[in-house]
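The values are calculated or read from the model by the stated rules, or taken from the named source; none is laboratory data. Just so it is clear, the structure is predicted and the values come from calculations on it, not from any experiment. Ligands, DNA and RNA are stripped out before the accessible areas are found, and what is left, the full protein with its side chains, is counted by its heavy atoms. Shrake-Rupley method; radii C 1.70, N 1.55, O 1.52, S 1.80 Å.
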Amino acid sequence: DVEGDFIVPVQETTSEDEIIVDNEDPLFSLSEPTVTGYLPKWLDKMEDTSFKYSGIMWWRSPLQWTATTNRGYYGKYVRSAYVVRSGDGSKTATWKVPVPRPGHYELYYWTFHEEVNQHRGHANGEYHFKVQYNGEEEDAYLNLQRANKEWERLGVYYLDTDTLKVVLTNECKLRTVVADAVRLVKR
């Protein structure tokens, strides 16, 4: 091992009864920021040639969704996630998970050890999810104070549609919200 290089174990393979959608997949999307004023609109039209991933500081979270990497994030090829400062719930990350056949499914969200430890001891350390399926919407909460490392279960749902939509909002009492990966497992 060379200083600065890490050997990261390969993520587990999925079975036909398990679907994982990561933030690098085309089935993942972020809410677009509202742009007002002529200068911001003009700057948005300029070509951005910067690197996709940025370093972030946990004590100074970005105002817009920002891609970052960490060896604790989920990823088949790139261990990355999107990070944003918590707020009023106006900024969202959405995963559209294909459902192969009707049935009961367990829904999981990926958390990593540093994120879980960072929020231990904080009141209201919860991520707020909106789970949309079968024409309904349910709220799901992930308490990071009690979360396990890696996959944490959000709930069990009966799905008879072809797509499950999972929306993570930035409505949170914590400083930072991290959007990484969701997993659906057939029971």
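Carbon-plus-sulfur fraction of the accessible area of the stretch 127-173, 1.4 Å probe, in percent?
Reported share for carbon and sulfur atoms: 34 percent.
Name the shape class, rounded, prolate or oblate, that the alpha-carbon gyration tensor gives for the stretch 140-182, where a ≥ b ≥ c are the square roots of its eigenvalues, rounded holds for a/c under 1.5, and otherwise prolate holds if a/b is larger than b/c and oblate otherwise.
prolate
From the Cα gyration tensor of the stretch 48-187, with a ≥ b ≥ c the square roots of its eigenvalues, which class applies: rounded if a/c is under 1.5, or else prolate if a/b is larger than b/c, or else oblate?
prolate
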